[in-house]
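What follows is a set of notes on a single structure, which appears directly below.
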Amino acid sequence: MTAENLAEMEEVAGPGEILEVSMGPHHPSTHGVFRMDVRLDGEKVVRLKPVFGYLHRNHEKIAEKGAYLASIPYTDRLDYLCSMTNNWGYVLAVEKLAGLAVPERAEYLRVIVAELTRFQNHAGLVGFLLQDMGASGTPLMYAFREREKILDLFESLSGARMMCNYMRFGGLRVDATPAWLEEVKQLVGRLPRFVDEFEALLRGNEILMARTQGTGVLSRELAINAGVTGPMLRATGVNYDVRKVDHYGVYDRFSFRVPLGDHGDVYDRYMMRILEMRETVKILEQALRGIPGGPVMDPKVRLRGLRPKAGEAYGRIESPKGELGFFLISDGTGNPYRYRVRPPSMINLTVLEDMCLGQNVADVVITLGSVDIVLGEVDR
Amino acid sequence: MSGAPAVVPALPAVEEIKARIEAAVAGAQVAIIQNGSPSAQHSMVLDHAHARAVAEFLRDDSALRLDFCSLVTAVDWLDAETSEKVKVKKMVAGPDGVEQEQEVDEVRKTKTPGYLEAVYHLFSMEKKHGPVVLRLRTANRSDGTHVPSLTPVWRSAEFQEREAFDLYGIVFDGHPDLRRILMWDGFVDHPMRKDYVPPADDILETRAAEVRS
């Protein structure tokens, strides 16, 4: 931004009335190393430019130099809270590129781990949002208590709590034991009570209502045009969920609803997460009932030394943060010629300035919190 | 946008979309690129002069309604040299010194100049179909790296075009705020290009070499 713009702003606000604040990169509310260059007129935001790149490691270049298999553990580190869904997005794109089939049991297990991931992500997000609003500790610890149980399940399944590295193109790395499935069943039985408790704790809170309703409003038209996806899009009332649109995996076999908001403000975005947690429980119950036996890996798939025919494919899934896609170009060799991640966190930030203009600076924090970003994915 | 449509209208084939574009936008040149992978996501290369008009048509056309530009990215295609063996008839001196016509193998080299390519994946939130893949190609990889920006049509391209500019060096004409996004402002070169050479920044090794000498 040039000096003339500053002069223009000062003409409206008065000389010396515009204050420039650099929020971040080390600021607890940015959830990582992220910076916002904010210009303020008193308390009001008149300009906001996000600055990225602090965590940039050129993930795509590294993936282009390695074999197809070698990138799977690297995708864990994109959105490091949701490694299972990152794995799925990538293996789905490779399966599209190479035309691979997945055994049915593996498809069910993918749904189970992905929905558990969605649950712990949404619970964590609501906890963090409350934390940003000044409800120090308690709501976040409620969320983390449940998240911990899910991470324990991931650990006993894949060996790692967060960097799961669990999926493979053509199936999964290891099968789940009956005891593990029984444990998931028991946990899922307890989750609705947690959601009830969590929601009651927050919904009756007058301060929360006052802070979130009407804050950070995003219009439907802008959300579509700016490519906003995930709960943030659905909070504006647009019915678009990749699970319902593409029916990837076995999502067409489960009955669940897509919650929709109306106002597109922070409150709606937060309610989307609560309602999606409830739908997630429904999907988990159905998947646990319907999971068939059989192998979890197609034995014909060559994991090492996969060489897809020359061509390209774009595969996408509904990650907890929005549409996570992978675009791959193969030139017939053992490593992708082009590997590209469509990061929902980053693209959802396109409208951050539009949502924050005219708001108080304190509301920038909760508006950013309601977008749900993870910097590992934004910066790649 | 409430109420779930029971039947999802199928996306027309890429040939039909091409025909519709050419009927709607006078003078637009569209070339179809076939995709050999099982995904069968074929794409269309647009000419620079009509790219904006074609994009607006695709977004606003009542049958297509490609209102959601999901993915914008770039691909670097290096200068390629392909060699093929050709049989050529030539007059060759035989063992007795008399020239005779013989078939001789000759290697012919053809150079195809490289280019950078911006790729757009379009979907429709209203009709729930996609993807339609668009490609814009630069003239070369050195001084002619301009393509028209589609950010005025789809805001979602704003950060992604900046990223393609930053990492590949494609200049998007008409972009409202074309700056580096992931690398810092003082950085030169474009690290995602295929021929990028990272600087020798192994400080420890350099120090060790200094100590030894």
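The values are calculated or read from the model by the stated rules, or taken from the named source; none is laboratory data. Note that the coordinates shown come from a computational prediction; the quantities given were computed from them, not determined experimentally. Cβ placement follows ideal geometry from the backbone for every residue including glycine, while neighbour counts extend to all protein chains displayed. Accessible surface areas use protein heavy atoms only, side chains included; no ligands, DNA or RNA. Shrake-Rupley method; radii C 1.70, N 1.55, O 1.52, S 1.80 Å.
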- Note on the structure: Expressed in angstrom, Rg and Dmax over the Cα atoms of chain B are 24.6, 90
- Give a residue-ordered list of calculated ³J(HN,Hα) values for region B:74-83 (Karplus: 6.51 cos²θ - 1.76 cosθ + 1.60, θ = phi - 60°; whole Hz; x for Gly, Pro). 10, 10, 9, 10, 6, 4, 10, 10, 9, 10
- Query: If you plug each phi of region A:50-56 into the Karplus form 6.51 cos²θ - 1.76 cosθ + 1.60 with θ = phi - 60°, what whole-Hz ³J(HN,Hα) values come out, in order, with x for Gly and Pro?
  - Reply: x, 10, 10, x, 5, 10, 6
- Note on the structure: Rg from C-alpha atoms of region A:126-245, normalised by the globular rule of thumb 2.2 N^0.38 Å, equals 1.36
- Message: Calculate log10 I(q)/I(0) of the protein assembly as shown for q = 0.08 Å⁻¹, where I(q) comes from the Debye formula with a single equal point scatterer on each Cα and nothing for solvent.
- Response: -0.59
- Ordered by residue, what ³J(HN,Hα) values in Hz, to whole numbers, does region A:205-218 give under the Karplus form 6.51 cos²θ - 1.76 cosθ + 1.60, where θ = phi - 60° and Gly and Pro are x? 8, 5, 5, 4, 4, 5, 6, 9, 6, x, 9, x, 6, 10
- Mean-position separation - Cα centroids, region A:137-155 and region A:77-92, in angstrom: 19 Å
- Query: Across peptide B:187-196, how many C-beta atoms of other chains are within 10 Å of each residue C-beta, on average?
  - Reply: 2
- Collect residues whose amide H, placed 1.01 Å from N in the peptide plane, falls under 5 Å from the amide H of A:GLU312; neighbours closer than 5 in sequence don't count. A:SER330, B:GLY36, B:SER37
- Query: In whole percent, how big is the carbon plus sulfur part of the accessible area of region A:55-197, probe 1.4 Å, protein atoms only?
  - Reply: 56 percent
- Lys, Arg +1 and Asp, Glu -1 on Cβ, resulting dipole of chain A about Cα centre, debye, nearest 20: 1800 debye
- Message: Using a Förster radius of 41 Å, what is the FRET efficiency between A:LEU19 and A:GLN213 based on their Cβ-Cβ separation? Nearest 0.05, please.
- Response: 0.90
- Item | 5 angstrom amide H check on B:ILE33, placed H, neighbours 5+ away | B:SER43, B:MET44, B:VAL45
- Message: Of A:VAL188, A:ILE373, A:THR333, which is farthest towards the positive pole of chain A's charge dipole, taken about the Cα centre with +1 and -1 on the beta-carbons of Lys, Arg and Asp, Glu respectively?
- Response: A:THR333
- Task: Would you work out which of B:LEU116, B:MET91, B:CYS69 lies farthest towards the positive end of the dipole of region B:63-116? Charges go on Cβ: Lys and Arg +1, Asp and Glu -1.
- Result: B:CYS69
- Those trypsin sites (Lys or Arg not before Pro) from region A:245-350 that are DSSP loop and have at most 16 other Cβ neighbours within 10 Å turn out to be A:ARG257, A:LYS300, A:ARG302, A:ARG304, A:LYS309
- Item | Total formal charge among the other residues, if their Cβ is under 10 angstrom from that of A:VAL250, Lys/Arg +1 and Asp/Glu -1 | -1
- Using only the Cα atoms, what convex hull volume per residue in Å³ does region A:1-78 have? 112 Å³
- In the neighbourhood of A:ASN121 defined by beta carbon distances under 13 Å, the net charge of the other residues (Lys, Arg +1; Asp, Glu -1) is -3
- Taking the reciprocal of mean 1/r across every pair of different Cα atoms in region A:257-380, the Kirkwood radius in Å is 18.2 Å
- Message: Per-residue Cβ counts within 10 Å, from other chains only, averaged over A:337-346: what number is that?
- Response: 4
- Result for the protein assembly as shown: accessible area per residue, probe 1.4 angstrom, in square angstrom, of 42 Å²
- Run the numbers on region B:103-133: which residues show a drop of 10 Å² or more in accessible area, chain on its own versus all protein chains together, using a 1.4 Å probe over heavy atoms? B:HIS121, B:PHE123, B:MET125, B:LYS128
- Message: Placing unit charges on C-beta atoms (Lys and Arg positive, Asp and Glu negative, everything else neutral), compute the dipole magnitude of region B:13-96 about its Cα centre in debye, rounded to 20.
- Response: 300 debye
- Message: Compute, for chain B, the length of the dipole vector about the Cα centre, with Cβ point charges of +1 (Lys, Arg) and -1 (Asp, Glu) only. Units Debye, rounded to 20.
- Response: 500 debye
- Which is farthest toward the positive dipole end of the protein assembly as shown among A:PRO320, B:VAL197, B:SER37, measuring Cα position about the Cα centre, with Cβ charges +1 (Lys, Arg) and -1 (Asp, Glu)? B:SER37
- Query: Hey, got the average number of other protein chain Cβ atoms within 10 angstrom for residues in A:238-244?
  - Reply: 4
- Query: Cβ under 12 Å from A:ARG203's Cβ, A:ARG203 left aside: what net charge do those residues give with Lys, Arg +1 and Asp, Glu -1?
  - Reply: -4
- Item | Interface A:B - total buried accessible surface [probe 1.4 Å, Å², rounded to 100] | 4000 Å²
- Message: Between B:GLU56 and A:ASN5, how high is the FRET efficiency from 1/(1 + (r/R0)^6) when r is the Cβ-Cβ distance and R₀ = 30 Å? Nearest 0.05.
- Response: 0.55
- Query: Given a 1.4 Å probe and every protein chain left where it sits, what share in percent of the accessible area of chain B is carbon and sulfur?
  - Reply: 53 percent
- Note on the structure: Rounded to the nearest Å, the spacing of the alpha-carbon centers of region A:180-238 and region B:133-192 is 35 Å
